[in-house]
Amino acid sequence: MQAIIMAGGKGSRLRPLTDELPKPLVKIIDKPVMEYVILNLAKAGVRDIAVTVGYKGEMIMDYFKDGSRFGVDLTYYSESEPLGTAGGVKAARDFICEDFFVLSADGLCNIDLKDFGEYHKKTGKIAGIAVKRLTDARGFGLVKCRNGIITSFLEKPAIKCSGWVNTGIYAFKEGIFDIIPDGFCDFSYDVFPLLSGDMAAYKGQFFWSDIGTLPKYYSTNEYVCTHPTNFGLRLEYSY
């Protein structure tokens with residue numbers, strides 16, 4: 001499989017950390033969060049990766065360059081204006097020639113992408129969405145499933161509730177490009193409502209954090225400190 005990494009966001013809720021850096025370059029312990037995303041793709045055997053960039057995109061391209069030192073091949077697509085999650089992915093349509101993953105550059109996750117990819121192909125659905133069960137789903141897209149098939153979404157519920165949420169980690173068939181509208185569009189609002197019955201939920205066991213706020217960012221760093229092997233790290237402590 002191939003992959004597209006979405007790296008165009010501003011990360012305004014992480015200021016002042018993102019005043020000088022794009023969110024994908026904000027560090028978790030010792031490396032930018034996007035580096036974890038790339039290394040996890042490489043671990044799954046995914047080498048052919050497109051990266052959509054926007055805000056301070058030149059810094060991202062300067063750090064990762066062609067991707068060779070991470071064991072991958074990176075191709076960049078710059079957005080002169082925001083295109084939304086789905087619009088940005090469609091802008092890289094000419095890059096894709098097989099089933100592919102879509103991941104955010106600013107979320108930390110140790111999902112088994114090889115297993116997710118195999119599950120996606122087995123279901124035969126045009127889209128697979130990695131979902132995570134949270135006790136408080138406020139601020140996230142809540143996913144309703146029946147027999148592994150996604151039946152509906154509830155975007156960012158206002159009251160506290162538990163359930164499976166959309167992690168923004170997807171697997172698609174090439175045919176998704178024929179469904180994504182032209183111009184600015186978002187997967188949750190503009191694309192997924194068109195895919196009723198053709199989306200499967202992947203419920204593997206994995207850690208996931210969107211590091212969307214400062215408290216979330218610091219708690220994620222703490223989690224990685226206490227579970228370093230889950231992210232391929234070896235930390236030594238002196239007391």
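The values are calculated or read from the model by the stated rules, or taken from the named source; none is laboratory data. The shown structure was predicted, so the numbers you read here are calculated from the model rather than taken from an experiment. Methodologically, a virtual Cβ is constructed for each residue, glycine included, from the backbone with ideal geometry; neighbour enumeration extends over all protein chains shown.
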Quick one: how many residues across segment 3-31 are part of a strand (DSSP E or B) and either surrounded by fewer than 22 Cβ atoms within 10 Å (Cβ to Cβ) or at pLDDT below 85 (or both)?
3
Checking the structure you have, find out if any residue of segment 45-64 is polar (S, T, N, Q), more than 12 Å from M6 (Cα to Cα) and either over 18 Å from the mean Cα position of the chain (by Cα) or not in a loop (DSSP other than H, G, I, E, B) (or both).
no
So, in segment 85-127, how many residues would count as being within 18 Å of N166 (Cα to Cα), among the charged types (D, E, K, R) and in a helix (DSSP H, G or I)?
1
Collect the residues in segment 22-75 that are without any contact (Cβ under 8 Å) to a residue 40 or more places away in the chain and out of contact with any helix residue (DSSP H, G or I) (no Cβ under 9 Å at 6 or more places or on another chain), keeping them in residue-number order.
E58, M61, D62, K65, D66, S68, R69, D73
How many of the residues in segment 156-215 are under 18 Å from I96 (Cβ atoms) and in a helix (DSSP H, G or I)?
7
Against the condition surrounded by fewer than 22 Cβ atoms within 10 Å (Cβ to Cβ) and within 16 Å of the chain's Cα centre (by Cα), how does A42 come out, does it pass?
yes
